[in-house]
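Novice: Take this structure first; my questions come after.
The values are calculated or read from the model by the stated rules, or taken from the named source; none is laboratory data. Here the structure is a predicted model, which is why all the values come from computation and not from measurement. As a convention, Cβ positions derive from the backbone with ideal geometry for all residues, glycine included, and neighbour counts pool all protein chains shown. Just so you know, the surface numbers come from the protein's heavy atoms only, side chains and all, with ligands and any DNA or RNA stripped out. Shrake-Rupley method; radii C 1.70, N 1.55, O 1.52, S 1.80 Å.
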Amino acid sequence: MVVIAGAYGAAAFTLFSATGIWGRWGENGWRDAALLLVTITAACALTYISMLVMAYLRRSRNPTGDPGQLEWHLMIPCRDEESVIAATVSAARTSFPLAHVWVIDDDSEDATASIVAALMEFDPRVHLISRVRPDARIGKGEALNAAYRTIGASLDAGTDRAQVIIGVLDADGYLSDNTLAHVAGPEAFGDPKVGAVQVEVWMKNRNDRRPLPNRGRLANAVGRLLVRMQDVEFRTTNSAMQLLRVAAGSVGMGGNGQFTRLSVLDELTVANGRPWGRKLCEDFELGLGVLTLGHRTHYVREAHVSQEALPYLRRLLTQRTRWAQGVLECASLLPALRRSGMVRLTGQLEIHYFMLLPWIMMVNLLVLPTLTFLAVVEGRFDFLSESSLAFAVTALLVFLILPYASWGPIYRRVTTERIGVLAGIGLGLATLVYAYLTYLYYPRAIARLVTGRNAWAKTKRNADDVVPLSAPALPVLDSLALLRREQIEDLAGELDQRNDLALEFVSGFAIMWPTRLARLNETVAAAEQRAARDAAVSLAASAAMLGADRLEAVARAVDAVVANGRFDEARRLLTRVDEVGEQTVDVLRTQVLADIRGE
């Protein structure tokens, strides 16, 4: 790597200094300093990107472990998340029956709390922690701290808190089914030295054909590209950064898909008064705290958490400005990290370089255009001359295009989706443009940091602005029963009057309902015919077993129109599926549960 860095340094010096295009070396001290600065930053950037690519392509493996050896608690902080929370809780409980799910309602003004409370009636492992102002809405970190205290108090005396794992999910986060097995593996929590683990992040709406259903074709084309680029970003460059950190010993935590030992959170509480701080990036702050205590952090690429990508440019820039400001705030933690001596030199260098990047980019944003302007004014940078043009093209290819464009073909290689060669190249070029969005939000983040502004409005969910499509009339539904109670009674009889098994079946249907609906919505939105039909048929079959004739009928109606490729009609039918499904679950909750329990 030293050789590579030296080669990049020599190339950068030759291009920016030795050619004389930007000025003769030794003519002006200020210009020499500026050229040297640009040379160093360019060489460092190319070296870092090369290290990312090599780390990414190395394909390290994380074997699985036995999640049954650990106790799992998943925390989901929420504020006004009624559009997504049911599906997230449902997915977590369906995929991980041993895990407890704790929803922290941070004084929501919508139906978030009531939705979770309804799920609690079907599942004793779903919990609601309600916070009210003035203690609520003072930051995600404080909401997580409240849940940490509640979970700790709920454990039996004598519980080995090092074997209790606390996971954090966003309100829209879906963990892959293999997550707990990999997080429990010998490279992760199977190693007692590991204090925290982060999994890879994917965008769950990456195949949505109409991410902006109430907008036109052009807006949706831009929205699809933004969504896809966020998936490319998290699954390539961000993942590569974490893989490099595995080797360096500096893996960072993200806000979605992070896991920490309860005993480590206890240590952070002793050291800092609370596990999570009040930085805007409380997740990155937590990771630095874990490292400062001397624990290892690890990254698992084989498992992932899926979250919602933003198809709105303005919201995306706002989100990234907040993240950038949060990372910049964490610079105050670096002296303690250095004094601790717990992170080896490679990790220290990686962390410091990562946190210097916003400042480096701002320097380049000012210095390089200024040098180019002066060179053009002085007649040094003649774009019409053959030599200047050759150097300009070389500079563009080596220092601007190739470092970013290579990620498109790499993404095509690692994804399981069908992406052609030309599409992969196109994504690479789009990555170049997408990367330079940083020049839009880093200056704003720095300005907010310098002026002491750290208040932010919550980013809206994509569904918040969507006007539901009008559902087509289905007169046949009126003649069908919403729920045939005798079907459940017959089921209990078949189970030798085992009401506990009947209760398990009914509760399982109700808990899985939001996941089934979300899966149907996702596959129809992506126009994936086979997957959408599978989801519709699965829903119809489970409804038939329950005696939910109306839900079965509307699910089969969706299957029929999808089979004929009429996805617009299917989207409208989904409104009816949602309506009938909620009515069915409401009857289960208000009428059937009490009867089965004998209340």
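Novice: With (1) of a type outside the set (D, E, K, R); (2) more than 22 Å from P443 (Cα to Cα); (3) at pLDDT 85 or above as the list, and L356 as the residue in question, which single condition is left unmet?
Specialist: Failed condition: (2).
Novice: Tell me, yes or no, whether segment 384-392 has at least one residue that is under 29 Å from L328 (Cα atoms), at pLDDT below 90 and assigned to a helix (DSSP H, G or I).
Specialist: no
Novice: Continuing with this model, one more query. Where residues in segment 286-335 are of a type in the set (S, T, Y) and modelled with pLDDT of 95 or more, which of them is most open to solvent (accessible area, probe 1.4 Å)?
Specialist: Going through the qualifying residues, I end up with T292.
Novice: Show the residue pairs that are 6+ apart or on different chains and have beta-carbon atoms under 7 Å apart, the first residue being within segment 524-553 and on the phi > 0 side of the Ramachandran plot, the second being assigned to a loop (DSSP other than H, G, I, E, B) and open to solvent by 20 Å² or more (accessible area, probe 1.4 Å).
Specialist: A527/R209; G547/L483; G547/R484
Novice: If I filter segment 408-418 for residues that are more than 21 Å from the chain's Cα centre (by Cα), in contact (Cβ under 8 Å) with a residue 40 or more places away in the chain and open to solvent by 70 Å² or more (accessible area, probe 1.4 Å), do I get at least one hit?
Specialist: No - not one qualifying residue is present in segment 408-418.
Novice: Hey, can you tell me all the residues within segment 425-444 that are touching a Pro at 6+ places or on another chain (Cβ under 7 Å), open to solvent by less than 30 Å² (accessible area, probe 1.4 Å) and modelled with pLDDT under 90?
Specialist: Correct list: empty.
Novice: Same structure, new question: Being at pLDDT 75 or above, under 22 Å from the mean Cα position of the chain (by Cα) and open to solvent by 80 Å² or more (accessible area, probe 1.4 Å), is that true of even one residue in segment 373-381?
Specialist: no
Novice: For K140, state whether it is buried (at least 20 other Cβ atoms within 10 Å of the Cβ) and among the basic types (K, R).
Specialist: When the stated conditions are applied, K140 passes them.
Novice: Another one. Given the conditions (1) under 22 Å from T590 (Cα atoms); (2) open to solvent by 30 Å² or more (accessible area, probe 1.4 Å), and given that S154 satisfies all but one, which numbered condition is not satisfied?
Specialist: (1)
Novice: Continuing with the same structure: How many residues are farther than 9 Å from G252 by Cα and aliphatic (A, V, I, L, M) if we restrict to segment 279-290?
Specialist: 2
Novice: Where the second residue is small (G, A, S) and open to solvent by 30 Å² or more (accessible area, probe 1.4 Å) and the first is farther than 17 Å from L175 by Cβ and lies in segment 63-91, which pairs have Cβ atoms under 6 Å and are six or more apart or on separate chains?
Specialist: E82/A111; S83/A463
Novice: Condition first: surrounded by fewer than 19 Cβ atoms within 10 Å (Cβ to Cβ) and touching a Leu at 6+ places or on another chain (Cβ under 7 Å). Now tell me which residues in segment 72-98 satisfy that.
Specialist: Matches in segment 72-98: S95 only.
Novice: Only residues in segment 228-251 that are more than 24 Å from I425 (Cα to Cα) and basic (K, R) count as the first member; pair them with residues that are at pLDDT below 95 and open to solvent by 20 Å² or more (accessible area, probe 1.4 Å), Cβ under 9 angstrom, at least 6 apart or cross-chain, and list the lot.
Specialist: Between residues of segment 228-251 that are more than 24 Å from I425 (Cα to Cα) and basic (K, R) and residues that are at pLDDT below 95 and open to solvent by 20 Å² or more (accessible area, probe 1.4 Å), the close pairs are R245/F354.
Novice: Looking at L36, is it open to solvent by 20 Å² or more (accessible area, probe 1.4 Å) and part of a helix (DSSP H, G or I)?
Specialist: In short, yes.
Novice: Please go through segment 535-564 and pick out each residue that is open to solvent by 20 Å² or more (accessible area, probe 1.4 Å) and in contact with a Ser or Thr (Cβ under 8 Å, 6 or more places away or on another chain).
Specialist: Residue satisfying the conditions is R550 alone.
Novice: Another question, if that's okay. For segment 163-188, give me each residue that is open to solvent by 10 Å² or more (accessible area, probe 1.4 Å) and farther than 23 Å from S90 by Cβ.
Specialist: The answer is Q163, P186, E187.
Novice: Quick check on my filter: what residues within segment 396-407 are under 18 Å from Y56 (Cα atoms), open to solvent by less than 50 Å² (accessible area, probe 1.4 Å) and assigned to a helix (DSSP H, G or I)?
Specialist: Across segment 396-407, the qualifying residues are P403, A405, W407.
Novice: Just to be sure before I move on: is L520 under 22 Å from L119 (Cα atoms), outside any helix (DSSP H, G or I) and at pLDDT 85 or above in the structure I sent?
Specialist: The answer is no for L520.
Novice: So which strands (runs of 3 or more DSSP E) are wholly in segment 193-308 and hold at least 2 residues that are in contact with a Lys or Arg (Cβ under 9 Å, 6 or more places away or on another chain)?
Specialist: 194-203, 296-307
Novice: Check whether at least one residue in segment 63-81 is farther than 18 Å from V132 by Cβ, touching an Asp or Glu at 6+ places or on another chain (Cβ under 7 Å) and polar (S, T, N, Q), and report yes or no.
Specialist: Looking through segment 63-81, none of the residues is farther than 18 Å from V132 by Cβ, touching an Asp or Glu at 6+ places or on another chain (Cβ under 7 Å) and polar (S, T, N, Q).
Novice: While we're looking at this one, here's another question. What number of residues within segment 45-59 are of a type in the set (S, T, N, Q) and farther than 10 Å from P403 by Cβ?
Specialist: Residues flagged as of a type in the set (S, T, N, Q) and farther than 10 Å from P403 by Cβ within segment 45-59 amount to 1.
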